[in-house]
Amino acid sequence: MSPDIPAPREADPALRPALLLEPHQPLWQRLPRRDAEGRRLADFMMLIPGLRQRPRSELHARARAIERVLNGYGDDIAFVELNLKLNTLWVSLTARPGLCTEVPGAIQAVVPEALLVGPKLTSGM
């Protein structure tokens, strides 16, 4: 093979499809609740306004950027769903202090329009 031609890409072993079968099940039924050691998982959701209306090339670029970020966290990431109908990203991950703010921050660094969804905090709480 010529050095100018890249070798065929093999499937990245770090990528784990969240769902291959039964796509009509509600998200809450598909989510893993515990990791392989039986520890509870944490999760977060991000809203990505206008994602599904973007040109295909931009949509794919954003999805690849999110994928690169999440692959950087390796086994800490247990489940991912990018829902184009709702423009949402759901991530279930290892329950470790700070991880539920670190990962969304890393995603927002590569997809600036991504917004972390959470409760509104008030000073009275």
Calculated FRET efficiency for the pair residue 27/residue 47, C-beta based, R₀ 22 Å, to 0.05 = 0.95
request  = Provide the gained length on full extension for the span residue 71 to residue 110, in nm with one decimal, where the gain is 0.36 nm per separating residue minus the Cα-Cα distance.
outcome  = 12.7 nm
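Throughout, read-outs are computed from the coordinates displayed, never taken from laboratory work. Model, not experiment: these values are computed from the prediction. Cβ coordinates were reconstructed from backbone atoms using ideal geometry, including for glycine residues, and neighbour counts include every protein chain displayed.
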